[in-house]
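Chemist: Below is a structure I'd like to ask you about.
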Amino acid sequence: MKQTLIRKVEKSDNEALAELIKDTFTEFDAPKEGTVYSDPTTSNLFSLFRKENSVLWVGEIDGIISGCCGIYPTEGLPEGCAELVKFYLCPSARGIGLGKSLMHQSVASAKEMGYTNIYLESLPEFSKAVKMYENSGFRLLENPLGNSGHGSCTVWMIRSLDDIEL
């Protein structure tokens, strides 16, 4: 049985997480410009998530970094809204519940931090993830919110945290 662990990001995770994220874009032939792929903060997520009211959860399988998901107070979002960010899984971690656990931990963290809504941006290339978001209570929006700087993203979704129990 595989041993899974979910923990907060550490400085030593930066390289492995950047590789995981960039590999996912390559795997799905997703746009690299105007996305997290070309965002300079991707190579130093530990520093990015030192910001107040943010958190990045890292998922390990048998001691190997296999996924991540976090909450970030993206500039320009409506009051009480945070962004679900950096949700990526390596291929071997998909379909075994790690993603669900990472998302649950991130949503619970957002609620604990006092957020009332979670927003996310994605791409059509990540259609399986978008379907999972819909199944998790996110609804599609017609326009982006906030100033993520990821202009190539064309899927925008939001979810209320009213029904989340801690």
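Bear in mind that the values in this text are calculations on the coordinates, not laboratory data. Because the structure is predicted, anything quoted here is derived from the model rather than measured. Here Cβ is always computed from backbone atoms with ideal geometry, including for glycine, and neighbour counts include all displayed protein chains.
Chemist: Rounded to the nearest 500, what is the chain's calculated 222 nm mean residue ellipticity when only DSSP H runs of at least 4 contribute -39500 (n - 2.57) each, over all residues?
Modeler: Numbers: 4 runs with 42 residues, N = 166.
The per-residue figure over the chain is -7500 deg cm²/dmol.
Chemist: Moving on. Identify the GluC sites (Glu not before Pro) of region 84-166 meeting these criteria: DSSP loop state and at most 12 other C-beta atoms within 10 Å of the C-beta.
Modeler: Working: sites: 112, 121, 125, 134, 142, 165; in loops: 142, 165.
Those that pass, being in a loop and sparsely packed, are 142, 165.
Chemist: Now a separate question. Enumerate by residue number the GluC sites (Glu not before Pro) in region 7-91 meeting two conditions: DSSP loop (anything except H, G, I, E, B), and at most 16 other Cβ atoms within 10 Å of the site's Cβ. Spell out each step's value before the answer.
Modeler: Working: sites: 10, 15, 19, 27, 33, 52, 60, 75, 79, 83; in loops: 10, 33, 52, 75, 79.
Of the GluC sites (Glu not before Pro), the ones in loops of region 7-91 whose Cβ has at most 16 other Cβ atoms within 10 Å are 10, 33, 52, 75, 79.
Chemist: Another question about this same structure. Rounding to the nearest 20 debye, state how big the charge dipole of region 4-160 is about its Cα centre with +1 on each Lys and Arg Cβ and -1 on each Asp and Glu Cβ. Can you show the working numbers first?
Modeler: On the way: 15 positive and 20 negative charges, 85 e Å.
So the dipole magnitude of region 4-160 works out to roughly 400 debye.
Chemist: Ranked by Cβ crowding within 10 angstrom, fewest neighbours first, how are 103, 132 ordered? Display every interim value, and only then the final one.
Modeler: Working: 103 20, 132 15.
Fewest to most other Cβ atoms nearby, the residues stand as 132, 103.
Chemist: Also: Count the lysine pairs in the chain whose Cα atoms lie under 23 Å apart, taking only pairs 8 or more positions apart in sequence or on different chains.
Modeler: 28
Chemist: Distance from the Cα centre of region 10-47 to that of region 52-94, in angstrom?
Modeler: Between the Cα centres of region 10-47 and region 52-94 lies a distance of 12 Å.
Chemist: Below 8 Å, C-alpha to C-alpha, sequence gap of six or more: please give me the relative contact order for region 4-160 in percent.
Modeler: Values: 274 pairs, mean separation 37.3, N = 157.
Once divided by the residue count of region 4-160, the mean separation gives 24 percent.
Chemist: Mind running the shape call on the chain? Use the C-alpha gyration tensor, a ≥ b ≥ c as the square roots of the eigenvalues: rounded below 1.5 for a/c, prolate if a/b tops b/c, oblate otherwise.
Modeler: Details: a/c = 1.30, a/b = 1.15, b/c = 1.14.
Cα axes put the chain in the rounded bin.
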